[in-house]
């Protein structure tokens, strides 16, 4: 079962069982292992992850709070599926939040922050496992956003990333040209941040979000 493989990949469980189960299921949703409209069976997941039902139920609630799962009274937990209109709203909201985050963060960035971001860019370039590109991409962005020192803003961005990355995942795995273009955009962004050019960093972020939105609106995974 693919869920078991993801669980093994994320070992050892160095966090609370609930949080570990949440991360495993979230990763499975982002990678498309658990696609939209798929029912989530507590018994099957508990067995696959060798945990009791309690952390699974708690993880379902966390996933519901992030919009990745919907819990129905008589149906149980089901993976959500965005409509094109919902995706458009998500991406427009992401654009506003992420442009705001980069504007607030750039003046506070340290040389170590920039070095970390370049490190993730290098990791993205050399990574051969397409399944890990989403995670590296998220780390790169958060290396640049985190200095904004607004945890609420960062949590909203993280939540929206999770809802979008599962639709972006196929483009990472199937289209090499888009990967190369994405690398160039990220390098331009980090270069602008290294120069502490707030206006340019915001412009690149907005352009990057607009292009990502255009790609996502063509996704066959949308309802």
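Somewhere in region 102-110, is a residue surrounded by fewer than 18 Cβ atoms within 10 Å (Cβ to Cβ), part of a loop (DSSP other than H, G, I, E, B) and in the same structural domain as residue 201 (by TED's automatic domain parsing)? There is at least one residue in region 102-110 that is surrounded by fewer than 18 Cβ atoms within 10 Å (Cβ to Cβ), part of a loop (DSSP other than H, G, I, E, B) and in the same structural domain as residue 201 (by TED's automatic domain parsing).
Any residue that is within 15 Å of the chain's Cα centre (by Cα) and either outside the structural domain of residue 155 (by TED's automatic domain parsing) or part of a loop (DSSP other than H, G, I, E, B) (or both) - is there at least one of those in region 2-22? Yes, region 2-22 contains at least one residue that is within 15 Å of the chain's Cα centre (by Cα) and either outside the structural domain of residue 155 (by TED's automatic domain parsing) or part of a loop (DSSP other than H, G, I, E, B) (or both). If a residue must be touching a helix residue (DSSP H, G or I) at 6+ places or on another chain (Cβ under 9 Å) and under 27 Å from residue 201 (Cβ atoms), how many such residues does region 67-95 contain? Within region 67-95, residues that are touching a helix residue (DSSP H, G or I) at 6+ places or on another chain (Cβ under 9 Å) and under 27 Å from residue 201 (Cβ atoms) number 8. For residue 90, the conditions (1) under 29 Å from residue 213 (Cβ atoms); (2) surrounded by 13 or more Cβ atoms within 10 Å (Cβ to Cβ); (3) free of Cβ contacts under 8 Å to residues at least 40 places away in the same chain; (4) out of contact with any strand residue (DSSP E or B) (no Cβ under 9 Å at 6 or more places or on another chain) all hold with the exception of (3). For first residues located in region 169-191 and assigned by TED's automatic domain parsing to the domain that holds residue 32, partners that are at pLDDT 95 or above and buried (at least 16 other Cβ atoms within 10 Å of the Cβ) and lie 6+ apart or on another chain with Cβ distances below 6 Å do not occur. Of all residues in region 48-75, those satisfying the criterion of being surrounded by 14 or more Cβ atoms within 10 Å (Cβ to Cβ) and farther than 21 Å from residue 158 by Cβ are 48, 49, 51, 56, 57.
Has region 110-122 got at least one residue that is touching a helix residue (DSSP H, G or I) at 6+ places or on another chain (Cβ under 8 Å) and within 21 Å of residue 221 (Cβ to Cβ)? No - not one qualifying residue is present in region 110-122. The sole residue among 205, 125, 146, 116 that is surrounded by fewer than 16 Cβ atoms within 10 Å (Cβ to Cβ) and either in a helix (DSSP H, G or I) or without any contact (Cβ under 8 Å) to a residue 40 or more places away in the chain (or both) is 125. The set of residues from region 126-155 being within 17 Å of residue 190 (Cα to Cα) and in contact with a helix residue (DSSP H, G or I) (Cβ under 6 Å, 6 or more places away or on another chain) comprises 136, 138, 139, 140, 143, 144, 145, 147, 148.
The values are calculated or read from the model by the stated rules, or taken from the named source; none is laboratory data. No experiment lies behind these values; they were computed from the predicted model shown. So basically every Cβ, Gly included, is an ideal-geometry build from the backbone, and we count neighbours across all protein chains shown.
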